[in-house]
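Written out below as structure tokens is the structure these notes cover.
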Amino acid sequence: MQFDLEMLKPVEERQPEEFANYIRKEQDQRRISGFSPIYSLLRLIDAESGQVLRYDRGITDQYNSTVTYASMAFF
């Protein structure tokens with residue numbers, strides 16, 4: 001959770017290159033499936049900042065694989 005929220009900090013601050021660098025630095029070890037649309041949104045959105053509204057995770061299989069997700073608001 002700590003690393004996910006750390007990764008979302010540049011998203012909240014609308015810094016697409018910092019977001020991309022974070023993913024690149026960790027070699028996408030967490031397999032961020034929404035990278036392309038999030039990066040594109042950050043490049044195009046006309047907002048000053050963002051805020052994580054909710055962060056959670058769900059167990060997806062018998063091996064305790066998890067999927068994490070977040071909702072955000074931009075203003």
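A few points about this structure:
- Within region 55-75, being exposed (fewer than 10 other Cβ atoms within 10 Å of the Cβ) and touching a residue at least 24 places away in the same chain (Cβ under 8 Å) holds for one residue alone: 75.
- The residue that is farthest from residue 3 (Cα to Cα), among those in region 55-75 that are among the polar types (S, T, N, Q) and in a strand (DSSP E or B), is 71.
- Residue check, residue 5 outside any strand (DSSP E or B), in contact with a helix residue (DSSP H, G or I) (Cβ under 9 Å, 6 or more places away or on another chain) and at negative phi: no
- Test: residue in region 39-54 that is in contact with a Leu (Cβ under 9 Å, 6 or more places away or on another chain), part of a strand (DSSP E or B) and in contact (Cβ under 8 Å) with a residue 12 or more places away in the chain: yes
Only the coordinates and a few stated rules stand behind these numbers; no lab work does. These numbers were taken from a predicted model, which means no experiment stands behind them. All Cβ positions, even for glycine, are placed from backbone atoms using ideal geometry, and neighbour counts span all protein chains on display.
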